[in-house]
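Bear in mind these aren't lab numbers, they're just calculated from the coordinates by the rules spelled out. None of the values given here were measured: they were computed from a predicted structure. Positions of Cβ are generated from backbone atoms using ideal geometry, with glycine treated the same way; all protein chains shown enter the neighbour counts.
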Ligand SMILES: [Zn+2]
């Protein structure tokens, strides 16, 4: 070979890849798709095409490259490697109402997996595919939907690396790890590390494509199901479980140790905690780590899944007492309400004579529509019935006479209502479930936290990012008001979950 040709090839190699050790040209084509839902199968309304397309038609092409923070992490890292071309595969957006939606219809599932298959057929072949899934999807007639998504993709894409990232509320088992090349799950709740886990997925993908890594997986089901309210990773034992996983990862470079705590409000056969370990071609090591994590979760099951919380009356009594002591703002986590429409905390606060409280928020599309139809405007005096109808646990509508302090746009909503009544009390009404995770909403609606002693949030754990981790809350009470997501799982009527899972069936 002539010297000039060799030089030319060397220069090309240098520019085709930022890793100078890499000898071959590796201009990979990687597809990116997402299909995410946390399905509350006890919630009243199914999730169909209308729900998935409420905010617009499925994402296509480059829209996918910025679809969520997992994908942002994946794309940024792959771009840094500089050796791959990224392409979006047609994928549905997030469904309206998020996790207050029930069973996904077969029609919707087939439509979106079909669109992915068609895209892969038309635009492929791909060298690898990255799938950003949630893991707690429940689909009518399909017991393990995430595994089925990967199987359908593989049918067209063939035997290529398929890397999956999941939320830690995922309900999965070996069926997913049997078909995916690697599964990586976030480790923090509130979910701060989705970008980081997306980056790890990118690194795994590139290492597999370059034949530097041969992933083998080991999956375990400890047989423990926990309510979301006990899963915050800033508290024990959720914190120790994730710390144990990170310890394994730090001790042995190249292993990836994931734990999904699971989502208890989906009545599915693979419900509950899942351990998924990836190693580089070392099945024995993967099994050993998976066994250790599995056994540890079983050992801490009582603390993790068996605690009791105060009921509504007791929780409100404790909150008022804390406010009187000056530990304001007091946060009431109304963690169990998944449709956002329940009125238990509101009516109990009124009953116990609380003042300076704020309910953020109650979802009540009926009321918003009625205010619109009757031409109501901010500063009007109104008497309205609030919430209390969306599901059988929602309580009763509460009649409120007061002032419509705000009736205008907020965030993705065209109208949000703020009702002021009694001794400086406030109820914020949104058209659907709105999980308040920080104080931004207050300023946007002309409310001030300085004037609020007690704030009740429809949130289990995510509120901690804006109220607890920054030291804002003077006191926090998680209250087990009636709802579709109770802390006491033993009262839920499951049909499909394993008959030996703790604490629902196994009391030991
Ligand atoms: Zn989650």
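List of remarks:
- Each of 239, 293 was scored by other Cβ atoms within 10 Å of its Cβ. Listed from fewest to most, they are 239, 293.
- Estimated distance in nm for a label pair at residue 488 and residue 239, the labels positioned 7 Å out from Cα along Cα-to-Cβ: 2.8
- Full extension of the chain between residue 408 and residue 365 yields a length gain of 14.1 nm, computed as 0.36 nm times the residue separation minus the alpha carbon distance.
- Convex hull projection area averaged over all views, the chain, Cα basis, nm²: 26.0
- Using a Förster distance of 35 Å, the FRET efficiency for residue 63-residue 246 (Cβ separation, nearest 0.05): 0.55
- Sum of -39500 (n - 2.57) over DSSP H runs of 4+, divided by residues of the chain (222 nm, nearest 500): -9500 deg cm²/dmol
- Cβ-Cβ distance of residue 507 and residue 423, R₀ of 51 Å, FRET efficiency by 1/(1 + (r/R0)^6): the value works out to about 0.65.
- At R0 = 51 Å, FRET efficiency that the Cβ-Cβ distance of residue 496 and residue 450 yields, to 0.05: 0.60
- Counting every other Cβ atom within 10 Å of each residue's Cβ, 65, 204 order from fewest to most as 65, 204.
- 14 Å reach of a label modelled at residue 324, 7 Å along Cα-to-Cβ, counting backbone N of the stretch 334-352: 352
- Percent antiparallel among DSSP beta bridges (both partners in the chain, rounded to 5): 40
- Relative to the longest principal axis of the Cα atoms of the chain, helix 3-16 runs at roughly 10 degrees.
- Principal-axis tilt of helix 238-251 within the chain, Cα atoms, nearest 10 degrees: 20
- Sorted into 10 angstrom bins from 0, the C-alpha pair distances of the stretch 25-305 split as 7, 31, 38, 20, 4, 0 percent.
- 248, 103, 298 arranged by Cβ crowding within 10 Å, fewest neighbours leading: 298, 248, 103
- DSSP bridge pairs, the stretch 25-305: antiparallel proportion in percent, nearest 5: 35
- Crossing angle, helix 194-209 versus the chain [Cα axis fit, 0-90 degrees, rounded to tens]: 20
- A simple spin-label model places pseudo-atoms 7 Å from Cα toward Cβ; at residue 472 and residue 299 they are separated by 3.8 nm.
- Put the Cα centre of the stretch 105-167 next to the Cα centre of the stretch 319-357 and the gap is 43 Å.
- Gain on full stretching of the segment that runs from residue 214 to residue 380 - 0.36 nm per residue minus C-alpha separation: 53.1 nm
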